[in-house]
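The values are calculated or read from the model by the stated rules, or taken from the named source; none is laboratory data. Keep in mind the model is a prediction, meaning the values are calculated, not measured. Cβ placement follows ideal geometry from the backbone for every residue including glycine, while neighbour counts extend to all protein chains displayed. Each accessible area value is taken on the protein alone, full model and side chains, heavy atoms only, with ligands, DNA and RNA left out. Shrake-Rupley method; radii C 1.70, N 1.55, O 1.52, S 1.80 Å.
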Amino acid sequence: MRFTIKNLHWIDILILGLTLIVTLLGIGNYGLYEPHEGHFAMVGQEMLWRNDWITPHLNGAPYLNKPPLLYWSIATSIRIFGSTEFSARFPIAFSGWLGIIIAWKWTRELWGISSSRIAALMLSVTLGWFIFTHQILIDVLLGTLLLSSSYFLWKCLYQPRSWFNWFGAYISLALCVLTKGLIGGVFPLVSCIALVVARQDWKIIKRIKLHRGLLLVVAIVLPWFMAIEQANPGFLHYFIVNEHFDRLLDRRFPPDYEVSKISAVGYLAITACWCLPWILFLPSVVKFTWKEWRRGFLDNASILDRKNSDGIFLLAIGVILPIILFLPLSSRLIYYSIPAIPPYVMLCAGWWDQRSRQSLITNQASTVIDYPRSDTNPPIAYSSTVSTLCQSTVQIVNCPIQTKTLNLYGAIAIIFGIGCYTLILFLPVITNLLPTVLQTTEIVWLIIIVAISLGTGWLISGIGMLRRSSLAWLPLFIVLAITYIATIRGFALYQDIRSSKSIVSQANTCLSADTLWIFEGSREIGAAGAISYYLNQNRDGNLISPKDNSYRTVMVLADGGKNRLPPQFPGSLPKYLVTQAQLKQYWYRDIPVVFITDFLRQPNDLDDPFEINLPQANIQPYAIEGQRRLYLNQAARAIVHRQCNQ
């Protein structure tokens with residue numbers, strides 16, 4: 001059955017609408033987290049203010065370590081929705097929803113309608129997908145584009161006359177490059193090569209018109225690379241060497257992203273966490289994927305079997321590549337495996353739906369599964385001696401999942417449920433582990449709500465698995481949606497630790513516009529981006545549109561210590577850099593000066609006490625938020641006293 005808008009059932013519209021609500025839930029309710037969100041949002045904002053869509057700028061200077069697609073998306077969103085946290089996060093959240101739609105569509109073609117609905121709902125509440133659609137990072141956007149590229153390449157393989165699929169595949173590939181750089185184009189190409197090797201069929205390259213496709217990719221990405229190299233000589237060398245090879249080998253300068261690095265074992269563990277709760281079914285999903293893939297190699301396999309087998313193979317590669325590629329590298333970060341989530345959830349949904357159908361026919365010796373026909377274009381057959389090349393159905397031996405396996409999953413789910421309830425007994429211990437600013441009654445109630453919700457969901461799902469219910473996964477979806485509402489509130493409470501919004505707003509409302517703001521620096525210079533972002537807001541929380549590109553920026557210490565090395569982009573040094581000597585000169589002048597300390601400082605580092613870079617000894621902070629301390633010089637204190645009576 002060919003998919004058209006006419007056979008789009010109202011249930012599908014309802015489900016996709018519900019997943020959109022989940023992905024957009026609360027994305028404007030909390031301040032920009034630092035350093036990652038602050039720098040992405042401010043670069044997008046500065047693109048609009050400077051009207052420069054070629055060279056990304058942060059804090060008034062070129063910022064050349066990322067390709068432009070996410071910056072373009074944020075700038076476009078800000079132009080449409082205005083300068084708010086919602087508009088800054090919208091492109092990532094929306095791209096996450098597009099990933100859900102692609103997963104829904106592809107799963108529908110592989111295993112049918114019910115599988116696609118399960119996949120959409122599962123993916124929307126998968127822990128990693130939810131968290132990173134609510135944070136401004138590249139990896140959800142990259143994951144969606146990689147899934148799109150693989151999907152259209154799969155369609156090209158069996159519909160070589162479809163230019164829509166061909167353009168979809170290679171435009172997606174080009175956008176991967178404009179999102180993550182050269183590494184973004186590696187994943188689809190490796191998947192294609194892996195499929196060629198698995199099938200031992202080099203004609204695949206001809207069917208997908210790879211050579212023309214790569215020319216299209218070059219035609220899309222080359223103009224920006226040429227333009228930015230012309231505007232910033234030396235960019236290509238810096239971008240390719242420092243941001244690709246040196247980063248992979250953990251030799252990048254400055255050595256930022258330290259807070260997100262993780263060990264190899266930790267990388268596997270955090271990947272499993274990102275796939276919660278569906279990682280519970282990993283053994284069965286692996287077994288199911290292997291059997292479904294091997295079906296396309298049987299002697300009596302139809303073209304439809306081969307097509308589905310190749311699609312499953314591409315999904316499996318999509319799961320494996322982001323894990324094994326970064327696993328041996330010391331530069332791996334906790335979110336590098338996010339692109340593996342959608343293909344894994346799709347395979348999980350296919351397994352669950354097949355399990356549900358098989359559980360209904362356990363008394364039969366075999367069953368006939370109706371796979372949807374591909375589009376009306378006739379498929380191209382692989383070279384084969386199979387006499388029957390195209391069938392709409394295939395008879396398979398019914399192999400119900402062993403009772404012991406389902407009982408095990410059900411028992412584990414029940415244990416998880418009991419464990420969540422048990423957390424309530426340890427609330428005092430858990431609360432004491434939190435930062436002081438989060439040790440509040442509201443946080444305690446949020447923990448209780450989350451524990452009860454998750455405990456109830458796991459218990460009901462576990463009982464459902466023991467009773468062989470086809471909807472045993474649904475309670476987990478419901479309680480996770482409830483849990484994420486509480487999580488959004490937790491994000492808002494946590495902003496005082498990871499966002500400079502509160503502390504900047506507190507001081508800025510009492511200071512004049514000519515106040516000089518100086519930041520101690522951090523492991524990631526992007527931390528200054530959020531300070532600049534909020535400095536340009538008025539008292540109503542709206543960004544002030546500057547005139548003549550003159551917006552407020554933040555000075556940053558150039559010699560704040562080994563943990564705060566500024567980047568060394570091609571070209572002249574950024575004008576925002578100041579030395580400690582210059583800081584002290586400014587501090588004792590008759591101009592208002594604000595100094596903010598590094599919020600990523602390790603509190604137990606004896607070689608890096610918080611007062612090491614203070615411009616004045618024995619000075620009391622004006623405000624404290626988490627690790628941040630904000631200091632005012634004499635002129636600034638006078639203004640605050642006059643304006644706010646403080």
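Kindly establish whether Phe313 is of a type outside the set (S, T, N, Q), outside any helix (DSSP H, G or I), out of contact with any His (no Cβ under 7 Å at 6 or more places or on another chain) and within 17 Å of Ala194 (Cβ to Cβ).
no
Hey, among Leu214, Leu210, which residue is among the hydrophobic types (A, V, I, L, M, F, W, C) and open to solvent by 60 Å² or more (accessible area, probe 1.4 Å)?
On inspection, the qualifying residue turns out to be Leu214.
Tell me, which residue of the range 470-508 that is at pLDDT 90 or above and part of a loop (DSSP other than H, G, I, E, B) is surrounded by the fewest Cβ atoms within 10 Å (Cβ to Cβ)?
So the residue we want is Leu471.
Within the range 50-66, which residues are crowded, with 23+ Cβ neighbours inside 10 Å and either farther than 24 Å from Gln568 by Cβ or modelled with pLDDT of 95 or more (or both)?
If the condition is that a residue be crowded, with 23+ Cβ neighbours inside 10 Å and either farther than 24 Å from Gln568 by Cβ or modelled with pLDDT of 95 or more (or both), then Pro56 is the only one that fits.
Could you list, in sequence order, all residues of the range 324-356 that are hydrophobic (A, V, I, L, M, F, W, C) and open to solvent by 20 Å² or more (accessible area, probe 1.4 Å)?
Just the residues of the range 324-356 that are hydrophobic (A, V, I, L, M, F, W, C), to begin with: 324-327, 329, 333-334, 338, 340-341, 345-349, 351-352.
Once the filter is applied, which keeps residues that are hydrophobic (A, V, I, L, M, F, W, C) and open to solvent by 20 Å² or more (accessible area, probe 1.4 Å), the range 324-356 yields Ile324, Leu325, Leu327, Leu329, Ile334.
Going by the structure shown, is Ala530 open to solvent by 10 Å² or more (accessible area, probe 1.4 Å) and either outside any strand (DSSP E or B) or under 23 Å from Asn645 (Cβ atoms) (or both)?
It is false that Ala530 is open to solvent by 10 Å² or more (accessible area, probe 1.4 Å) and either outside any strand (DSSP E or B) or under 23 Å from Asn645 (Cβ atoms) (or both).
Determine the pairs where a residue that is of a type outside the set (A, V, I, L, M), located within the range 430-441, has a partner that is open to solvent by 100 Å² or more (accessible area, probe 1.4 Å) with Cβ atoms under 8 Å apart, the partner being 6 or more residues away or on another chain.
Gln439/Asn432
Sort out which residues of the range 149-171 are open to solvent by 10 Å² or more (accessible area, probe 1.4 Å), among the small types (Gly, Ala, Ser) and at pLDDT 95 or above, and write them in order of number.
Across the range 149-171, the qualifying residues are Ser150, Gly168.
Mind checking whether some residue in the range 561-568 is surrounded by 21 or more Cβ atoms within 10 Å (Cβ to Cβ) and modelled with pLDDT of 90 or more?
Scanning the range 561-568, I find no residue that is surrounded by 21 or more Cβ atoms within 10 Å (Cβ to Cβ) and modelled with pLDDT of 90 or more, so the answer is no.
For the range 285-304, name all the residues that are surrounded by 21 or more Cβ atoms within 10 Å (Cβ to Cβ) and in contact (Cβ under 8 Å) with a residue 40 or more places away in the chain.
Of the residues in the range 285-304, the ones surrounded by 21 or more Cβ atoms within 10 Å (Cβ to Cβ) are 285, 289, 292, 296, 301-304.
If the condition is that a residue be surrounded by 21 or more Cβ atoms within 10 Å (Cβ to Cβ) and in contact (Cβ under 8 Å) with a residue 40 or more places away in the chain, then Val285, Thr289, Glu292, Ala301, Ser302, Ile303, Leu304 are the ones that fit.
I need a count of the residues in the range 261-305 that are within 22 Å of the chain's Cα centre (by Cα) and of a type in the set (Lys, Arg).
Residues that pass the stated criteria total 1.
Return the pair list, or none, for Cβ contacts closer than 9 Å from residues in the range 180-198 that are of a type in the set (D, E, K, R) to residues that are open to solvent by 10 Å² or more (accessible area, probe 1.4 Å) and not in a helix (DSSP H, G or I), at least 6 apart or on different chains.
Listed pairs, sorted by first residue: Lys180/Lys66.
What is the residue count in the range 68-91 for residues that are touching a Ser or Thr at 6+ places or on another chain (Cβ under 6 Å) and either hydroxyl-bearing (Ser, Thr, Tyr) or surrounded by 19 or more Cβ atoms within 10 Å (Cβ to Cβ) (or both)?
Step one: of the range 68-91, the residues touching a Ser or Thr at 6+ places or on another chain (Cβ under 6 Å) are 69, 77-78, 81, 87, 90-91.
Going one step further and asking which of them are either hydroxyl-bearing (Ser, Thr, Tyr) or surrounded by 19 or more Cβ atoms within 10 Å (Cβ to Cβ) (or both), we end up with 69, 77-78, 87, 90-91.
Within the range 68-91, residues that are touching a Ser or Thr at 6+ places or on another chain (Cβ under 6 Å) and either hydroxyl-bearing (Ser, Thr, Tyr) or surrounded by 19 or more Cβ atoms within 10 Å (Cβ to Cβ) (or both) number 6.
Which of the residues belonging to the range 28-79 are among the small types (Gly, Ala, Ser), in contact with a Pro (Cβ under 8 Å, 6 or more places away or on another chain) and farther than 19 Å from Glu524 by Cα?
Ser73, Ser77
Residues are listed down the side, and each one gets a yes or a no for (1) in contact with a helix residue (DSSP H, G or I) (Cβ under 7 Å, 6 or more places away or on another chain); (2) assigned to a helix (DSSP H, G or I); (3) at pLDDT 95 or above:
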residue: Ile279; (1), (2), (3): yes, yes, yes
residue: Asp299; (1), (2), (3): no, no, no
residue: Asp305; (1), (2), (3): yes, yes, no
residue: Ile323; (1), (2), (3): yes, yes, yes
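Residues to consider are Trp72, Trp49, Trp53; find the one that is assigned to a loop (DSSP other than H, G, I, E, B), of a type in the set (Phe, Trp, Tyr) and under 30 Å from Leu236 (Cβ atoms).
Trp53
Tally the residues that are open to solvent by less than 10 Å² (accessible area, probe 1.4 Å) and not hydrophobic (A, V, I, L, M, F, W, C), restricting the search to the range 516-527.
Selection size over the range 516-527: 4.
Name the pairs whose Cβ atoms lie under 6 Å apart, with the first residue in the range 24-42 and within 17 Å of Ser77 (Cα to Cα) and in contact (Cβ under 8 Å) with a residue 40 or more places away in the chain, the second of a type in the set (Val, Ile, Thr) and crowded, with 23+ Cβ neighbours inside 10 Å, and 6 or more positions between them or separate chains?
Going by the 6 Å Cβ cut-off, the qualifying pairs are Glu37/Ile136; Phe40/Ile136.
Can you confirm whether the range 248-268 contains a residue that is in contact (Cβ under 8 Å) with a residue 60 or more places away in the chain, under 30 Å from Ile118 (Cα atoms), in contact with a Lys or Arg (Cβ under 6 Å, 6 or more places away or on another chain) and not small (Gly, Ala, Ser)?
Looking for residues that are in contact (Cβ under 8 Å) with a residue 60 or more places away in the chain, under 30 Å from Ile118 (Cα atoms), in contact with a Lys or Arg (Cβ under 6 Å, 6 or more places away or on another chain) and not small (Gly, Ala, Ser), one finds at least one in the range 248-268, hence yes.
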